[in-house]
Amino acid sequence: MTATSLFAAGFRRAGAATAVVTAAIALGLTPGGHAEAATTALPLGDADLTETRGSQSLAAGVTLTRIVRGTEPAPADQINTTTRGPWVVNVLTIDPRRSRGHLEATYGPDLAAVEKTTDLVRAAGALAGVNASFFTFTASQQYPGDPVGLSISGGRLLSEPSGDPAEADLVVDAHNNRVLMGQLRWTGGVRNKRTGASLPLEFVNHPPVVPADCATLTDPTACTLPGDVVRFTPEFAATTPAGAGVEVVLDRRGCVVRTATTRGTALAEGQTSVQATGAESASLLNVAGQGCVEQTSDLVDERGERFPLRPGMFAVNGRYRLVADGQVVVPDGSDSFFARNPRTVAGTTADGKIVLATIDGRMTSSVGTTLDETAAVARALGLRDAINLDGGGSTAMSVRGTLVNQPSGTAERAVGDALVFKTDRYRGR
């Protein structure tokens with residue numbers, strides 16, 4: 001089924017309140033908290049399974065729900081097949097009409113590093129949050145937090161959409177907590193204002209690849225093999241990626257500050273740089289040889305309509321829409337991604353509430369969900385629109401800097417970014 005674009009429809013107002021639930025073990029129940037049998041059972045496993053919920057109000061308009069379905073631990077060899085569970089689901093529900101705060105994304109000190117979700121929530125001074133985007137992840141890489149897909153912070157594009165048809169993007173306007181989901185596409189370029197020479201950009205804040213046969217050339221412009229052209233901003237890291245190629249540093253006006261025939265430099269506030277490798281190294285020097293360049297960066301939605309950024313916008317990337325306009329839109333799939341895993345879900349209800357949920361998995365105490373089961377859970381939670389955020393060992397929910405769920409690994413994983421709710425009005429910068 002084709003998912004309807006919410007980008008084309010524009011932002012939908014978030015709003016309305018619901019009860020919340022959380023584990024007494026994780027946070028401790030408030031005097032008003034309680035445990036009760038679920039009134040609308042999750043569509044997981046056998047129909048006769050016991051399901052319980054515990055609840056706690058975290059703040060005005062913000063509730064947390066912990067749902068446990070099934071009572072007996074799963075046999076270790078049946079985690080992927082059992083119909084008896086158990087499943088542990090934590091649900092953070094935000095009612096923008098009653099809450100006094102805002103949802104935003106945070107990546108920590110810099111975009112290319114990784115931090116634990118609990119640390120991101122704590123450092124942001126947030127009430128609660130969950131892990132969010134897919135990211136490079138490989139610990140051996142120099143820039144493990146590099147987003148694999150869209151990232152927007154405070155209205156600034158920090159990472160372009162991947163172009164993968166599976167990518168699903170979530171954009172929130174922190175000024176009013178309006179949320180939309182869909183898939184954006186991006187094009188960018190640099191053009192010399194005097195000569196008219198131009199060069200398309202391929203990435204934003206992503207280390208370029210150097211053709212193997214050109215890595216040791218004394219003159220990078222002598223390379224004739226295809227390379228990359230990448231725009232970097234100060235948010236990426238303390239320095240831009242070093243190595244063979246060319247780098248041009250630009251000031252706020254796009255005028256050339258310095259040019260180097262090797263890559264790697266520190267950017268001052270307001271500066272950006274463009275790096276090129278391979279045959280594009282000579283092309284970049286030709287475009288930005290002198291004077292000033294115009295940098296273009298355009299996002300469009302599924303209908304090809306321009307999607308302008310403005311201060312207060314944040315965005316993260318996921319993989320696959322789960323629910324669109326109330327309909328399950330998960331594609332068929334048979335690889336491990338579609339099998340039972342821990343999951344992190346973000347979505348909105350028909351009456352505008354924002355929901356962030358985690359489903360623990362790969363454990364005898366909570367077996368996780370397939371992508372189809374995840375979509376079914378999203379619908380059962382009342383989500384009209386929902387996407388699948390990064391999951392597996394990344395799945396984490398934190399309240400006031402304390403981990404609420406149980407990660408599948410031996411310890412909480414450091415991640416690229418998080419969606420967090422802060423209990424104050426968005427002031428921006």
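Some observations on this one:
- Note: relative contact order over the stretch 178-292, using C-alpha pairs below 8 Å and six or more positions apart, is 30 percent.
- Charge dipole of the stretch 186-297 about the Cα centre (unit charges at C-beta), most positive-ward option of SER281, GLY196, PHE232: GLY196
- Contact order for the chain, expressed relative to its length and based on alpha carbon pairs under 8 Å spaced 6+ residues apart, stands at 25 percent.
- Cα gyration tensor category, rounded, prolate or oblate, for the stretch 78-142 with a/c compared to 1.5: oblate
- Relative exposure of LYS193, LYS116, LYS353, judged by other C-beta atoms within 10 Å (fewest first): LYS193, LYS116, LYS353
- Computed P(r) (all Cα pairs; the stretch 32-161; 10 Å bins; percent): 11, 28, 27, 27, 8
- Calculated log₁₀ intensity ratio I(q)/I(0) where the Debye formula runs over C-alpha points of the stretch 121-166, q = 0.29, 0.32 Å⁻¹: -1.08, -1.09
- Within the chain, helix-based [θ] at 222 nm, where runs of 4 or more DSSP H residues each add -39,500 (n - 2.57), nearest 500: -1500 deg cm²/dmol
- Between ALA139, ALA41, ALA375, the GNM of the chain built on Cα springs shorter than 10 angstrom shows ALA139 fluctuating the most.
- Debye log10 I(q)/I(0) at q = 0.07, 0.08, 0.10, 0.11 Å⁻¹ for the chain, Cα point scatterers: -0.36, -0.46, -0.69, -0.82
- Computed over the stretch 242-378, the percent of Cα pairs more than 24 Å apart is 57.
- Straight-distance crosslink candidates among aspartates and glutamates, where the alpha carbon sits under 13 Å from LYS193 and sequence neighbours closer than 8 are dropped: GLU294
- For the stretch 186-297, the Kirkwood estimate of the hydrodynamic radius, built from every pair of different alpha carbons, is 13.5 Å.
- Shown here is the pair-distance distribution of the stretch 303-393: with all Cα-Cα distances grouped in 10 Å bins from zero up to the longest one, the shares run 17, 44, 29, 9, 1 percent.
- When the P(r) is computed for the stretch 123-265, the part past 25 Å accounts for 38% of the Cα-Cα pairs.
- Cα shape, the stretch 357-429, gyration tensor, a/c 1.5 rule: oblate
- For the stretch 272-340, a Kirkwood hydrodynamic radius built from all Cα pairs, placed in the Stokes-Einstein relation at 25 °C and 0.890 mPa s, yields a translational diffusion coefficient of 142 µm²/s.
- When the chain is treated as a Gaussian network with alpha carbon springs shorter than 10 Å, the biggest mean-square fluctuation among THR344, THR50, THR136 belongs to THR50.
No value in this document is a laboratory result; all are computed from the given coordinates. Model, not experiment: these values are computed from the prediction. Virtual Cβ from ideal backbone geometry, glycine too; neighbours counted across all protein chains shown.
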